[in-house]
Amino acid sequence: MRRVLCALIAPLAFAACGGTQPPTMAADLLEPPPAGKGVQFKMVATIEPGQEIEKCSFFVVPPEGYYFNKQTVRYTPGSHHVLLFTTPYKTIPTTDNHGVVQDTSRVVDCPEGAGGDWAIRAVVGGAQSADAPPIFDLPSDVAIKVAPGTVLLMNTHYLNATAKTLTTDARINIYTMPKEQMKHEAGAIFYYNPFIKVPGMSTGYARMRCPIKQDITIFNAQSHMHKRGDGYVAHLLDAKGAIVEELYNGNKWEDPTVKTWPGGKTIKAGSSIDYRCSYSNHEARTIMQGPTTKDEMCMFIGVYYPYDEGLTYCSPDTIGRQSMAATWFGTGAKSCSDFLDCVEKVGDPEKEQGAPFNQCIIDTCPSVAGEMSEVLKCLFTNGDGQCDAQCGKVGKDCELCLYGACKSQLTACNMSKCG
């Protein structure tokens, strides 16, 4: 079952809400850095009339690697982000996650998103709007480290709302430094909440909490929502769950403000980042989470040091278990025991593509979030690996093993109450 949540998150956490302004090519969109001072990543793509699509392109890091702390990002209008990821590949891949052979010597379609069609790791570049500040703009002794030979993936998401074919141009400049200048290795936080539901002609919210397991220094923070997002707040909590301070507050889904701490802000181990997105849905249909402009998102993004691979997506240890350290909050009135009954009725969440399973989580009351999330973590990790052999396929052997491996979490869930 550990594959299920990653499957829900990976294609989604890096998608964007495309704009409607037609792009215009410009030769001077962004000049490359001076020779020896950095490198430019560039992606030109064609978007058909009425098409909404993500595009991907691969690059290989040279033998000297990259150490950089500043970026400039520019792209022609029509998208809400450009992102650059590291990947686990040793060479540029030619077969995607679905077993389809792709000509990756050129820009390729990635309709399920960067993480849905390819394997990705950390975010090392990007911005959320065509002229917004970049994700990375760090002090002179803090840098993003990208190892020699790393395969990078550049990703865009465009919506062509016009009747004409459009050509898009996206560019990321990274400004490099000597290796010996780096005293601290930085990384990006990319928290994503896949449990969102906003009924038609109504309001709603989504909330997620992530623990900070070591002292970090954070330099900036920003939100990410789609067009129904009308409120956002992120709090820093202490080890007991009490609010220490407000980290971020905003109400802009498009071109959100980037809050910065120029000298860096220390967050102590044992703290948590708790963030909430609020929505107003003026359509008759129900809005769920997802990668397109028809869906919604709720993310917390920030840059910090020292780099911890597991912190990127709120993982307990490595990125292979995305968001397994998170606490998710339902927005309904059902108990954790009701949640277990709901999960049993859903059956295999992979065959259901996650939607009914997500509903079980969304329907729980906020006061059982801790117990419900602990059950989820145990189930999705096959009892922290104890039931990997039995859960290679869904069946009674898997269920019996998980019942024993997750007994303490299931007991706590059944005993918890709403209110």
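Where a number appears in this text, it was derived from the coordinates with a stated rule and is not lab data. All values reported here derive from a predicted model rather than from experimental measurement. Every residue, glycine among them, receives a Cβ derived from its backbone with ideal geometry; neighbour counts consider all protein chains shown.
Please work out how much length the chain gains when fully extended from E48 to K252, using 0.36 nm per residue of separation minus the C-alpha to C-alpha distance, in nm with one decimal.
Values: separation 204, 0.36 × 204 = 73.44 nm, distance 2.86 nm.
Between E48 and K252, full extension yields 70.6 nm more.
Checking the cross-link filter: which lysines have an alpha carbon closer than 26 Å to that of K417, excluding same-chain neighbours under 8 positions apart?
K197, K240, K334, K345, K377, K407
By counting other Cβ atoms within 10 Å of each Cβ, how are K259, K164, K37 ranked from fewest to most?
Values: K259 18, K164 9, K37 13.
Ranking K259, K164, K37 by Cβ neighbours within 10 Å, fewest first, gives K164, K37, K259.
Tell me, what ³J(HN,Hα) does each residue in the range 382-393 have, in order and in whole Hz, if you take phi through Karplus 6.51 cos²θ - 1.76 cosθ + 1.60 with θ = phi - 60° and put x for Gly and Pro?
6, x, 6, x, 5, 10, 4, 5, 6, 9, x, 9
Which ³J(HN,Hα) values, rounded to whole Hz and listed in residue order, are derived for the range 133-139 from phi using the Karplus coefficients 6.51, -1.76 and 1.60 in 6.51 cos²θ - 1.76 cosθ + 1.60 with θ = phi - 60°, glycine and proline given as x?
Couplings: x, x, 5, 10, 8, 10, x Hz.
Using the Karplus equation 6.51 cos²θ - 1.76 cosθ + 1.60 (θ = phi - 60°), what ³J(HN,Hα) coupling, rounded to whole Hz, does each residue of the range 78-83 give in order, writing x for Gly and Pro?
Result, ordered by residue: x, 10, 10, 6, 10, 10 Hz.
Given H placed on each backbone N at 1.01 Å, which residues far from G38 in sequence or on other chains put an amide H within less than 5 Å of it?
Sorted by chain and number, the residues that satisfy this are T176.
Kindly put E54, E180 in sequence by how many other C-beta atoms sit within 10 Å of each C-beta, fewest to most. Write out the running numbers ahead of the final one.
Working: E54 28, E180 7.
Least crowded to most crowded, the residues run E180, E54.
Using a Gaussian network model on the chain with a 10 Å cutoff between Cα atoms, which of T72, T162, T150 fluctuates the most?
T162
Quick one: grab the alpha carbon gyration tensor of the range 16-181, order the square roots of its eigenvalues as a ≥ b ≥ c, and give me rounded if a/c is under 1.5, else prolate or oblate depending on whether a/b is larger than b/c. Let's see the in-between values first.
Details: a/c = 2.08, a/b = 1.29, b/c = 1.61.
Oblate shape, in that a/c is at least 1.5 and b/c is the bigger or equal ratio.
Could you tell me which label, among [x] 20.4; [y] 27.8; [z] 21.5, carries the value of mean projected area of the Cα convex hull in nm² calculated for this structure?
Read-out from the structure maps to [x].
To the nearest 500 deg cm²/dmol, what mean residue ellipticity at 222 nm is calculated for the chain from DSSP H runs of n ≥ 4 alone, each contributing -39,500 (n - 2.57), summed and divided by the residues? It would help to have the intermediate numbers written out before the result.
Numbers: 7 runs with 62 residues, N = 419.
Calculated at 222 nm, the ellipticity per residue is -4000 deg cm²/dmol.
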